[in-house]
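Report on the structure given below.
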Amino acid sequence: MGVSQLWASKRKRFPTGGSNMPAQPTSWRYYIECRPDELAALVKTAPVAFWPLGLIEHHGWHLPVGFDGLKAERICIRIAEKTGGVLLPTMWWGCLGGHDRFLWTHYQPLEASDAILNRMVEQLIAFGFRAILLLAGHYPWVQLLNRRLPEARQAHPDVLFIWGTEVNIAAPDVLLPGDHAGREETSYGLCLLPELMDMRALRPGRDPADSWPAGIAPAEPDVPGVVIDAAQPLFAQFGVDGRLATAVRGEEAIVRLVDQLAEIIQRHLTTGSPSPAQ
């Protein structure tokens, strides 16, 4: 399915107005598309907020630079289809990591990302959401989440807080492998956003002078194991060769993750059970 077809299917399933608007709220909605009355109704019926946390960052030749946020967003959509709730706009302005010197990459100051995270969580609680899931497609987000959310959980024991990367957010019941643009993330991409990928782009022969800001490559990677030779097909990757990825591998993992997280949220909304330990 192409991008335009995918967007059209979403608009058909989740209308925002007009004479064909259903009398009852749809199972989940994009937060920014809702009117105030619609948000108030959703908080009463499905007080669940999903917030994908991403980054704009080089993810190899075959993946989009927004892969982290897109990955998190599409996983959140799959969970929301089971639980209801609202999907917040993906947070693109993250920080930390080992690819900040790569071309087409935008890291922000830690203080800026931290301030937005803290304020948004406070607002979601005040607005009445009783289950808040923060999925970090960019793994270093976890450092900020682990700093802020335990305090919020302690102050609001009636609110379910779930946070982490796809690797650990459902631990210990579901633990997934992770990497950077290697076999694991590429497999997740093949099942979540294949229309934005091009595996044929994993080819050798690019000019390193055209692949770095000012045409200057670093002598060593910031993170050991990251491929920094732009002439190589695995440029920017960390982990097992991304060319070994399959959609089947990704789908099997994502299905287990989605089912587990949906069960946790549904149980909390039904019984008020406390947040899982993280």
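The values are calculated or read from the model by the stated rules, or taken from the named source; none is laboratory data. Just so we're clear, the structure is a prediction, and the values are computed from it rather than from any experiment. A quick note on method: Cβ atoms are made from the backbone with ideal geometry, for glycine too, and the neighbour counts reach across all protein chains shown.
With respect to residue 216, determine if the residue is over 21 Å from residue 174 (Cα atoms), exposed (fewer than 13 other Cβ atoms within 10 Å of the Cβ) and hydrophobic (A, V, I, L, M, F, W, C). The answer is yes for residue 216.
Rundown of residues vs (1) surrounded by fewer than 16 Cβ atoms within 10 Å (Cβ to Cβ); (2) assigned to a helix (DSSP H, G or I), yes/no style:
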site	(1), (2)
143	yes, yes
151	yes, yes
158	yes, no
186	no, yes
190	no, yes
236	no, no
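How many residues does the stretch 161-206 hold that are aliphatic (A, V, I, L, M), farther than 28 Å from residue 102 by Cα and in contact with a Leu (Cβ under 8 Å, 6 or more places away or on another chain)? Can you show your working first?
Taking the stretch 161-206 and keeping what is aliphatic (A, V, I, L, M), we get 162, 167, 169-171, 174-176, 181, 190, 192-193, 196-197, 199, 201-202.
Going one step further and asking which of them are farther than 28 Å from residue 102 by Cα, we end up with 162, 170-171, 174-175.
If we keep only those that are in contact with a Leu (Cβ under 8 Å, 6 or more places away or on another chain) too, we end up with 162, 170, 174.
Number of matching residues: 3.
Can you find a residue in the stretch 30-50 that is among the β-branched types (Val, Ile, Thr), part of a loop (DSSP other than H, G, I, E, B) and at pLDDT 95 or above? Within the stretch 30-50 (the criterion being among the β-branched types (Val, Ile, Thr), part of a loop (DSSP other than H, G, I, E, B) and at pLDDT 95 or above), the answer is no, since none of the residues qualifies. The residue of the stretch 192-208 that is nearest to residue 231 (Cα to Cα), among those that are in contact with a helix residue (DSSP H, G or I) (Cβ under 8 Å, 6 or more places away or on another chain) and in a loop (DSSP other than H, G, I, E, B), is 202. Checking each residue in the stretch 166-183 for being in a loop (DSSP other than H, G, I, E, B), closer than 29 Å to residue 235 by Cβ and out of contact with any His (no Cβ under 8 Å at 6 or more places or on another chain) picks out 166, 167, 168, 169, 175, 176, 177, 178, 179, 182. With respect to (1) within 30 Å of residue 129 (Cβ to Cβ); (2) out of contact with any Phe, Trp or Tyr (no Cβ under 7 Å at 6 or more places or on another chain); (3) at pLDDT below 95; (4) not in a helix (DSSP H, G or I), the lone exception for residue 218 is condition (1).
Looking at this structure, is residue 115 surrounded by fewer than 24 Cβ atoms within 10 Å (Cβ to Cβ), of a type outside the set (S, T, N, Q) and either touching an Asp or Glu at 6+ places or on another chain (Cβ under 9 Å) or without any contact (Cβ under 8 Å) to a residue 24 or more places away in the chain (or both)? Considered against the rule, which asks whether it is surrounded by fewer than 24 Cβ atoms within 10 Å (Cβ to Cβ), of a type outside the set (S, T, N, Q) and either touching an Asp or Glu at 6+ places or on another chain (Cβ under 9 Å) or without any contact (Cβ under 8 Å) to a residue 24 or more places away in the chain (or both), residue 115 comes out as yes. When 243, 249 are checked against the criterion of being touching a Ser or Thr at 6+ places or on another chain (Cβ under 7 Å) and either assigned to a loop (DSSP other than H, G, I, E, B) or surrounded by fewer than 19 Cβ atoms within 10 Å (Cβ to Cβ) (or both), a single residue qualifies: 249. Can you report the number of residues in the stretch 181-235 which are within 12 Å of residue 60 (Cβ to Cβ) and under 23 Å from the mean Cα position of the chain (by Cα)? Matching residues across the stretch 181-235 total 12.
For the stretch 62-96, the candidate set comprises residues that are in contact with an Asp or Glu (Cβ under 8 Å, 6 or more places away or on another chain), in a loop (DSSP other than H, G, I, E, B) and in contact (Cβ under 8 Å) with a residue 60 or more places away in the chain; within that set, the residue that is nearest to residue 48 (Cα to Cα) is 63. Answer yes if at least one residue in the stretch 122-140 is surrounded by 17 or more Cβ atoms within 10 Å (Cβ to Cβ) and either more than 27 Å from residue 28 (Cα to Cα) or modelled with pLDDT under 95 (or both), and no otherwise. Looking through the stretch 122-140, at least one residue is surrounded by 17 or more Cβ atoms within 10 Å (Cβ to Cβ) and either more than 27 Å from residue 28 (Cα to Cα) or modelled with pLDDT under 95 (or both).
Given the structure, is residue 254 under 25 Å from residue 178 (Cα atoms), of a type in the set (Val, Ile, Thr), part of a helix (DSSP H, G or I) and in contact with a strand residue (DSSP E or B) (Cβ under 7 Å, 6 or more places away or on another chain)? For residue 254, the condition - under 25 Å from residue 178 (Cα atoms), of a type in the set (Val, Ile, Thr), part of a helix (DSSP H, G or I) and in contact with a strand residue (DSSP E or B) (Cβ under 7 Å, 6 or more places away or on another chain) - is not met.
Cβ-Cβ distances below 7 Å connect the following pairs, each with a first residue in the stretch 257-278 that is in a helix (DSSP H, G or I), a second residue that is modelled with pLDDT under 90 and surrounded by 13 or more Cβ atoms within 10 Å (Cβ to Cβ), and a separation of six or more residues or different chains: 264/276.
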